[in-house]
Amino acid sequence: MEFDLTESVVREYLRDHPGEVRCADCVARALGPDVPGSAVSTAMTELADRRPPFAPGRCSCGASGLMFTRSAEPGSRA
Ligand SMILES: [Zn+2]
C-alpha cells in the first residue's frame, strides 16, 4: 500500500536526522513531489502514536513535528 511505503520513507528520513525535529511540511518538502504531503502528515501521526523512538517537538520552521531519538529501550532495533 502506498501509505505503508510513505510511512517507511518518513521513518527513514527522521532516523537519518536523529535529534532534529521535522514537521510534516518540511519532511514532505525534503522527500520531494513523489511523496504526497497528506500521506506524510498521516504517516507522522501514526509514528507519533508509536513513540518511542519518536518524540514530539518543534520544527525549525515553527510548526510542531517529530524527531527520532536514540533513547529507545535496550534491544530495540527501532
Ligand atoms: Zn517544519
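In the stretch 4-44, how many residues are more than 15 Å from Phe68 (Cβ to Cβ), surrounded by fewer than 12 Cβ atoms within 10 Å (Cβ to Cβ) and not charged (D, E, K, R)?
So the answer is 3.
Condition test on Val21, is it in contact with a Ser or Thr (Cβ under 9 Å, 6 or more places away or on another chain), within 16 Å of the ligand (Cβ to nearest atom), β-branched (Val, Ile, Thr) and at pLDDT 95 or above?
Values: in contact with a Ser or Thr (Cβ under 9 Å, 6 or more places away or on another chain): yes; within 16 Å of the ligand (Cβ to nearest atom): yes; β-branched (Val, Ile, Thr): yes; at pLDDT 95 or above: yes.
For Val21, the condition - in contact with a Ser or Thr (Cβ under 9 Å, 6 or more places away or on another chain), within 16 Å of the ligand (Cβ to nearest atom), β-branched (Val, Ile, Thr) and at pLDDT 95 or above - is met.
Quick one: what pairs do we get from the stretch 25-39, first residue more than 18 Å from Arg15 (Cβ to Cβ), second among the small types (Gly, Ala, Ser) and loosely packed, with under 14 Cβ neighbours inside 10 Å, C-beta under 8 Å, 6+ apart or different chains?
Asp25/Ala63
The values are calculated or read from the model by the stated rules, or taken from the named source; none is laboratory data. Because the structure is predicted, anything quoted here is derived from the model rather than measured. Note that each Cβ is placed from the backbone with ideal geometry, even for glycine, and that neighbours are counted across all protein chains shown.
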